[in-house]
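Just below is one structure, and these are the notes that go with it.
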Amino acid sequence: MSQNINLKELERKAWTSYFQDGLWDIYLGLLLLAMAVSALLSDVGFSESWQMTLLIGLEVLAMLVLWVGKKLITVPRMGRVKFGPKRKAKLSWVMVILFISVLVGAGVFVAGLAMRPDRPGWLNATFFLPAAWVVNTIVVFSLGAYFLDFNRLYLIGVMYALAVPLDILFRQLTDIDLSFLAYGVPAMVILIVGLVMLARFLRDYPLLPEEA
């Protein structure tokens, strides 16, 4: 029994260490920053097709940063860990949920940029879009934080949730389109946290010489 408890504790520590490198924070920050860049492109007159193309391209780039970072930074320092089936199942489901959340969020974001004055009355930008965005991000990121034991996801969820309400608030207060800042500032908060975590990880887990 004691051995089983110790093995579970070791697996839990290995699981939590999976997020110590800050790469997931950087990945999610880059996804939100991609939306900020898309908003900026909309402000300067790029077509919706170009906005979507660049948005998808930047999201793919963010995924590459995560994959390459894990492969070249994390694995050489911590090795590969094989988790039990329960942990793997949780990770798979949360990955699916986060992916769906990003798609929903991007859809709400693009809908906000593409809205026209003749939209249906129930699809009111001052209520429906921020409500849909906030509920989607808070629920999904909170579930991810709970199931993954990844507490920083709560903060990341709050940063994501703030983006659309900030955008609408800026428009109402200033009559200026500040969408880039509304998405960019929360994205930079997430990125800074991720970079700090990455710097701490590199300090605490230096790459050992190959002879060692």
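Among residues of region 188-206 that are more than 19 Å from Phe150 (Cα to Cα) and outside any helix (DSSP H, G or I), those with a beta-carbon under 9 Å from a residue that is open to solvent by less than 80 Å² (accessible area, probe 1.4 Å) and acidic (Asp, Glu) at least six positions away or on a different chain give the pairs Tyr205/Asp21.
Set side by side, the residues Val135, Val185 differ, and just one is within 17 Å of Leu32 (Cα to Cα), without any contact (Cβ under 8 Å) to a residue 12 or more places away in the chain and open to solvent by 70 Å² or more (accessible area, probe 1.4 Å), which is Val135.
For every residue, the table says whether it meets (1) within 30 Å of Ala89 (Cα to Cα); (2) over 15 Å from the mean Cα position of the chain (by Cα); (3) modelled with pLDDT of 70 or more.
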| residue | (1), (2), (3) |
| --- | --- |
| Gly107 | yes, yes, no |
| Leu113 | no, yes, no |
| Asn124 | no, yes, no |
| Phe128 | no, yes, no |
| Val139 | yes, no, yes |
| Phe147 | yes, yes, yes |
| Asn151 | yes, no, yes |
| Leu166 | no, yes, yes |
| Leu178 | no, yes, yes |
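Scanning region 156-187 for residues that are assigned to a helix (DSSP H, G or I) and touching an Asp or Glu at 6+ places or on another chain (Cβ under 9 Å) turns up Ile156, Asp167, Phe170, Arg171, Ser179, Phe180, Leu181, Ala182, Tyr183.
The values are calculated or read from the model by the stated rules, or taken from the named source; none is laboratory data. The structure displayed is predicted, hence computed values, not measured ones. Methodologically, a virtual Cβ is constructed for each residue, glycine included, from the backbone with ideal geometry; neighbour enumeration extends over all protein chains shown. Ligands, DNA and RNA are excluded from the accessible area calculation, which covers all protein heavy atoms including side chains. Shrake-Rupley method; radii C 1.70, N 1.55, O 1.52, S 1.80 Å.
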